[in-house]
Amino acid sequence: MTLKLYPFANAELESLSTAMQSIERKIVISQHNFFLSSSGIQPFLTLLADKEKHVPLSRDPGFAVEKLEALSRTLEDFLPNALMDAQAQLRRLSSLRLANRLTQEAATAFVEDFMRVEDAIRDNIELSQTVFPRSVEEVKLLLGF
């Protein structure tokens, strides 16, 4: 910024920079939450976080075949337009570049969460490929990675 040339402005610039970083972080968290809730992944992440180590995932009612099939349908509905829907939430930002960067950060976090859920399903559920056909690679492709 050109204001850095003026010593009296440095403290204010640092304060503004810190405030902007905080706001950007809140936007990324909001976008990430949008991805998690709209995709249907959130309840499964919660179950994985709360899961007792000695209970096999295949016996957890939260991971019943019907629930995985419902998740799969929700993902099928959500993923094709996920990136555009997320970016539409930030349409009021004056910087399209900033909106895209923040949305990509949230999408990256979502992919990591999806990978955790997918790995848990693939490692623990019989017929996982039939009830949960989406892979991380497909999700990345649909989200523009």
_Residue-span extension gain [Thr108 to Ile29] - 0.36 nm each, minus C-alpha spacing_ = 27.3 nm
_Can you report the principal axis dimensions of the range 9-145 using only the alpha carbons, biggest first, rounded to whole angstrom?_
61, 32, 19
*Remind me, relative contact order of the range 42-142 in percent, using alpha carbon pairs under 8 angstrom and six or more residues apart?*
40 percent
_Lysine pairs within the chain, Cα separation less than 25 Å, 8 or more sequence positions apart or different chains_ = 4
*Using the Cβ atoms and a cut-off under 15 Å, what net charge is assigned to the surroundings of Gly40, where Lys and Arg are +1 and Asp and Glu are -1?*
-3
*Using 0.36 nm per residue, how much length does the chain from Arg73 to Thr18 gain when fully extended, once their Cα-Cα distance is taken away?*
15.7 nm
*chymotrypsin sites (Phe, Trp or Tyr not before Pro), restricted to the range 13-80: which are DSSP loop and have at most 14 other Cβ atoms within 10 Å?*
none
*asked:* Calculate the FRET efficiency for Gln42 and Thr130 from the Cβ-Cβ distance with a Förster distance of 25 Å, rounded to the nearest 0.05.
replied: 0.60
_Estimated 222 nm signal from helices in the chain, with DSSP H stretches of n ≥ 4 weighted -39500 (n - 2.57), rounded to 500_ = -22500 deg cm²/dmol
*On a C-alpha basis, how far is the centre of the range 6-43 from the centre of the range 87-145 in Å? Whole number, if you could?*
19 Å
*Whole-Hz couplings from phi, Karplus 6.51/-1.76/1.60, listed for the range 66-82; x for Gly and Pro*: 4, 5, 5, 5, 5, 4, 4, 5, 4, 4, 4, 6, 7, 4, x, 10, 4
*Quick one: dipole size for the chain, taken about the Cα centre, charges +1 on Lys/Arg Cβ and -1 on Asp/Glu Cβ, in debye to the nearest 20.*
520 debye
_Listed residues Val28, Ser135, Asn81: farthest to the positive end of the dipole of the chain (Cβ charges)_ = Val28
*Quick one: net charge of Ala107's neighbours, Cβ under 13 Å, K/R +1, D/E -1?*
-2
*List the trypsin sites (Lys or Arg not before Pro) within the range 53-145 that fall in a DSSP loop (any state other than H, G, I, E or B) and whose Cβ has at most 10 other Cβ atoms within 10 Å.*
Lys53, Arg91, Arg92
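Read the figures in this text as sums done on the coordinates, not as results from a lab. These numbers come from a predicted model, not from an experiment. Cβ atoms come from the backbone with ideal geometry, glycine included; neighbour counts cover every protein chain shown.
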